[in-house]
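Notes for the one structure printed next.
The values are calculated or read from the model by the stated rules, or taken from the named source; none is laboratory data. Quick caveat: nothing in here was measured; it's all calculated off a predicted structure. Cβ: placed from backbone, ideal geometry, glycine included. Neighbour counts: every protein chain shown.
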């Protein structure tokens, strides 16, 4: 059988039968979920290419089919181009549709959410995420149903068991992505084929509890039915495969969403969301005991992860040169470099990152790097300058702590733009520094002449944000001082359409050298588990020592004072509300630009408070001191965008499928 190479997102090269390309990427078999009838397609393809028996005759065919199932894992490095209508990669608009960033391009799809103009007829972002993840689910089902046809001299029984478990786990993960984006959705528990009559595919949405229970049960079954404890032990497939740890991480994620305000019945917005037969899709308002019970499940599963995988997953600790050190107590420990390398990992260094849990190896790193690299007109080599496209908001800049661990800004005055400055933090917005500001290890954070609002900040700030006055990374064509003022080297005057609309750029994941470096797209890392556990503990007992233990682990690695212990210790709040506010602040910084805040604000019930107002930045139309004036970038509107609408084409086909409220 003729085969071609297929480079899938897990990073290893598989060979894929031409049938897989024709059948799996073009024709999903579930007509009632948006792809309509396949009959015309099948009439045009020779029948000898449509036999699943043929696909699964060889190891390469079977493994190629499984590789296809993996292709729907999100490639979150390309959030600028979520409009692309392709059945794979599935990036979302999550960063720019939160209050973290703003894309300068007026056509960026995140603006449909920010301006509240998103609707069910959107043919790209709304339709294709739904279509892609359901395609992945169907392909997982087909793989499980057919892999036993592969001869034992091609694939061993043990491998078949393992691969089935991987497909089942992937299906559950895609269901989680669907529920996270669209709310409760139909579960395809029955076996559907291209011959299933459309009238049998009039499927209602399952309830919140049915969706999350199914996701968790499928992941647990996959763990017990064949997932490797560590996929890196598989010499054939190696890194990137689903294993027990990945499944456990998604169990925790699913239970965290289920326990949250948006899904647990506290949101009055969805209290009356029902199916055509009157079935409530969201739970009744929970009692205090039920809320606590839901969070206890998160805590219990988190403990399982932290105990079982303690030797495998650890926070990254490195020296200034990026060499591993034992802990934050090591004399050579560098908080800036440790944090930076936790999310920026070259493909060649994948085995060195002990923090990554779930990631995509095949990705659009070049697009991400272009978006975040300054468009510096002093540089003629296009490989060493980018588009200045993804601007960090002033609100996100203000969220980072000072070197003493205090928040610089406690909020804003009635005008929404003038900051309430925390005097205890030492923050000031006026004047310029007279000397270089460096770390204890000699990292240059802010050169002399930097505006004081960017001096004396915590190490993560310098790893995450590119600001005017900061030195771009060393290396070829490096070492320039970044200048986003109107007529500065990276300013709007020279940028035309490629400039930062906020006067900042996202720096996270960036490094020295050109913008075509092969990197790993980290989708989940150890702090994600820590924060889910911490949040659960806050609901169970906000004074839990375990809660402070893990918050302080994160803070210590970040190089700032801890809560209630160590040099410069900060007092621990005691009430639930105060503890949760602190947790939200900490998570906003540690996981900045890592696709959590978009969903966090929604599941916490805080989207209206943070997203229904303007975002700000510096005055990119000004030079000199005029630049350093807080200015409105764009106003945003939020009232219904908790979920995507279900694609209108699905509603038209499936008469039992009800639309999300508000669309």
Checking 368, 356 in turn, the sole residue that is within 16 Å of the chain's Cα centre (by Cα) and buried (at least 23 other Cβ atoms within 10 Å of the Cβ) turns out to be 368
Can you tell me which residues in segment 495-512 are touching a helix residue (DSSP H, G or I) at 6+ places or on another chain (Cβ under 7 Å) and either assigned to a loop (DSSP other than H, G, I, E, B) or not assigned by the TED database to the domain that holds residue 383 (or both)?
499, 502, 504, 507, 508, 509, 510
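Every residue, every condition in (1) modelled with pLDDT of 95 or more; (2) over 17 Å from the mean Cα position of the chain (by Cα); (3) crowded, with 22+ Cβ neighbours inside 10 Å, yes or no:
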| site | (1), (2), (3) |
| --- | --- |
| 599 | yes, no, no |
| 605 | yes, yes, no |
| 614 | yes, yes, no |
| 622 | yes, yes, no |
| 625 | yes, yes, no |
| 634 | yes, yes, no |
| 640 | yes, yes, no |
| 644 | yes, no, yes |
| 661 | yes, yes, no |
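When you check residue 541 against the structure, is it surrounded by fewer than 18 Cβ atoms within 10 Å (Cβ to Cβ), under 22 Å from residue 641 (Cβ atoms) and at pLDDT 95 or above, yes or no? Working first, answer last.
Values: surrounded by fewer than 18 Cβ atoms within 10 Å (Cβ to Cβ): yes; under 22 Å from residue 641 (Cβ atoms): no; at pLDDT 95 or above: yes.
Spelling it out, it is not the case that residue 541 is surrounded by fewer than 18 Cβ atoms within 10 Å (Cβ to Cβ), under 22 Å from residue 641 (Cβ atoms) and at pLDDT 95 or above.
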If we keep just the residues of segment 308-337 that are out of contact with any helix residue (DSSP H, G or I) (no Cβ under 6 Å at 6 or more places or on another chain) and assigned to a helix (DSSP H, G or I), which is surrounded by the most Cβ atoms within 10 Å (Cβ to Cβ)?
337
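The rows are residues; the columns are (1) out of contact with any strand residue (DSSP E or B) (no Cβ under 7 Å at 6 or more places or on another chain); (2) in a helix (DSSP H, G or I); (3) under 17 Å from residue 135 (Cβ atoms).
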{"position": "151", "(1), (2), (3)": "yes, no, no"}
{"position": "160", "(1), (2), (3)": "yes, yes, no"}
{"position": "165", "(1), (2), (3)": "yes, yes, no"}
{"position": "168", "(1), (2), (3)": "yes, yes, yes"}
{"position": "177", "(1), (2), (3)": "yes, yes, yes"}
{"position": "184", "(1), (2), (3)": "yes, no, no"}
{"position": "219", "(1), (2), (3)": "yes, yes, no"}
{"position": "238", "(1), (2), (3)": "yes, no, no"}
{"position": "241", "(1), (2), (3)": "yes, no, no"}
Answer yes or no as to whether residue 90 is assigned to a loop (DSSP other than H, G, I, E, B), modelled with pLDDT of 85 or more, surrounded by 18 or more Cβ atoms within 10 Å (Cβ to Cβ) and on the phi > 0 side of the Ramachandran plot.
yes
Qualifying residues in segment 477-494 (those that are surrounded by fewer than 18 Cβ atoms within 10 Å (Cβ to Cβ) and in contact with a helix residue (DSSP H, G or I) (Cβ under 8 Å, 6 or more places away or on another chain)) - the one nearest to residue 400 (Cα to Cα):
478
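Matching residues to (1) part of a helix (DSSP H, G or I); (2) outside the structural domain of residue 90 (by the TED database):
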residue	(1), (2)
256	yes, no
261	no, no
264	no, no
291	yes, no
306	yes, yes
357	no, yes
362	no, yes
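So that you can scan it fast, the table gives a plain yes or no per residue for (1) more than 30 Å from residue 253 (Cβ to Cβ); (2) touching a strand residue (DSSP E or B) at 6+ places or on another chain (Cβ under 7 Å); (3) in contact (Cβ under 8 Å) with a residue 12 or more places away in the chain:
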residue	(1), (2), (3)
342	no, yes, yes
360	no, yes, yes
388	yes, yes, yes
392	no, yes, yes
399	no, no, yes
402	yes, yes, yes
For segment 495-509, give me the residue count where each residue is within 26 Å of residue 337 (Cβ to Cβ) and either surrounded by fewer than 17 Cβ atoms within 10 Å (Cβ to Cβ) or out of contact with any strand residue (DSSP E or B) (no Cβ under 8 Å at 6 or more places or on another chain) (or both).
1
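Given the criterion within 23 Å of the chain's Cα centre (by Cα), in a helix (DSSP H, G or I) and either free of Cβ contacts under 8 Å to residues at least 12 places away in the same chain or under 30 Å from residue 492 (Cα atoms) (or both), identify the matching residue among 118, 112. Please lay out each step first, then the result.
On the way: 118 fails: in a helix (DSSP H, G or I).
Among 118, 112, only 112 is within 23 Å of the chain's Cα centre (by Cα), in a helix (DSSP H, G or I) and either free of Cβ contacts under 8 Å to residues at least 12 places away in the same chain or under 30 Å from residue 492 (Cα atoms) (or both).
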Return the residues of segment 191-233 that are free of Cβ contacts under 8 Å to residues at least 12 places away in the same chain and closer than 28 Å to residue 284 by Cα; say none if nothing qualifies.
213, 217
